[in-house]
Amino acid sequence: MRLALEQAVRAGERGEVPVGAVVLGPAGEVLAAAGNDREASADPTAHAEILALRAAARARGEWRLAGCTLVVTLEPCTMCAGAAVLARVDTIVYGAVDEKAGAAGSLWDVVRDRRLNHRPEVILGVLAEECSALLRDFFAGRRG
């Protein structure tokens, strides 16, 4: 989570919403790390999780990320939660709960929907206060 927080800080410094994500391989090795990049890339799908999942798949040479863990500073949205399910990620670890758009247990629970063919384990609240504070400070600074 510390590496994900570093990615989030870097994203915030670039004017992006400060969210960071890391994909760990089966042995705990870092396969990929990314921060949000929607503003710079003008890409609505450039969430930290999507970028990290894409990079991890390239690093492994396959789209299936079985045995991998997605670590993210903010609860994944529906797009990112769906991507994690489709990538067959074993575990999702996140820090801050997203009550407005979260899809890993708060607003929706895409990742544990029994109608889907894969359901990752979810571990929430890891360094939650640090993750939340980063987002609060970012948005407070933007509001003036």
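The values are calculated or read from the model by the stated rules, or taken from the named source; none is laboratory data. It should be emphasised that the depicted structure is a prediction, and the values quoted were computed from it without experimental measurement. Glycine also receives a Cβ, built like all others from the backbone with ideal geometry; neighbour counts cover every protein chain displayed. Ligands, DNA and RNA are excluded from the accessible area calculation, which covers all protein heavy atoms including side chains. Shrake-Rupley method; radii C 1.70, N 1.55, O 1.52, S 1.80 Å.
Does region 57-73 contain any residue that is basic (Lys, Arg), under 18 Å from residue 30 (Cβ atoms) and at pLDDT 95 or above? Yes, there is a match, as at least one residue in region 57-73 is basic (Lys, Arg), under 18 Å from residue 30 (Cβ atoms) and at pLDDT 95 or above.
Does region 33-44 contain at least one residue that is more than 17 Å from residue 111 (Cβ to Cβ), in contact with a strand residue (DSSP E or B) (Cβ under 7 Å, 6 or more places away or on another chain), among the hydrophobic types (A, V, I, L, M, F, W, C) and assigned to a strand (DSSP E or B)?
yes
Filtered by the rule that a residue be open to solvent by less than 10 Å² (accessible area, probe 1.4 Å) and out of contact with any Pro (no Cβ under 6 Å at 6 or more places or on another chain), region 1-18 gives 4, 16, 18.
If a residue must be under 14 Å from the mean Cα position of the chain (by Cα) and either at pLDDT below 95 or open to solvent by 100 Å² or more (accessible area, probe 1.4 Å) (or both), how many such residues does region 106-120 contain? Total satisfying the criteria: 0. List every residue pair whose Cβ atoms sit under 6 Å apart, with the two residues 6 or more apart in sequence or on different chains, where the first one lies in region 11-28 and is in a loop (DSSP other than H, G, I, E, B) and the second, anywhere, is open to solvent by 50 Å² or more (accessible area, probe 1.4 Å) and of a type outside the set (Phe, Trp, Tyr). These pairs meet every condition: 15/39; 16/39. For residue 96, the stated conditions hold: it is open to solvent by less than 10 Å² (accessible area, probe 1.4 Å) and either in contact with a Phe, Trp or Tyr (Cβ under 8 Å, 6 or more places away or on another chain) or not β-branched (Val, Ile, Thr) (or both). Taken together, the residues in region 55-67 that are surrounded by fewer than 16 Cβ atoms within 10 Å (Cβ to Cβ) and outside any helix (DSSP H, G or I) amount to 6. With respect to the conditions (1) in a loop (DSSP other than H, G, I, E, B); (2) open to solvent by 40 Å² or more (accessible area, probe 1.4 Å); (3) touching a residue at least 40 places away in the same chain (Cβ under 8 Å), residue 130 falls short on a single one, namely (1). Residue 52 passes all but one of (1) within 12 Å of residue 80 (Cα to Cα); (2) out of contact with any helix residue (DSSP H, G or I) (no Cβ under 7 Å at 6 or more places or on another chain); (3) surrounded by fewer than 24 Cβ atoms within 10 Å (Cβ to Cβ); which number fails? For residue 52, the failing item is (3). Return a yes/no flag: does region 84-98 have any residue that is over 12 Å from the mean Cα position of the chain (by Cα), β-branched (Val, Ile, Thr) and in a helix (DSSP H, G or I). Within region 84-98, one or more residues are over 12 Å from the mean Cα position of the chain (by Cα), β-branched (Val, Ile, Thr) and in a helix (DSSP H, G or I). Does residue 70 count as surrounded by 24 or more Cβ atoms within 10 Å (Cβ to Cβ) and under 17 Å from residue 118 (Cα atoms)? Yes. Selection of region 16-36 for residues being in contact with a helix residue (DSSP H, G or I) (Cβ under 6 Å, 6 or more places away or on another chain) and closer than 19 Å to residue 142 by Cβ yields 16, 18, 19, 20, 35, 36.
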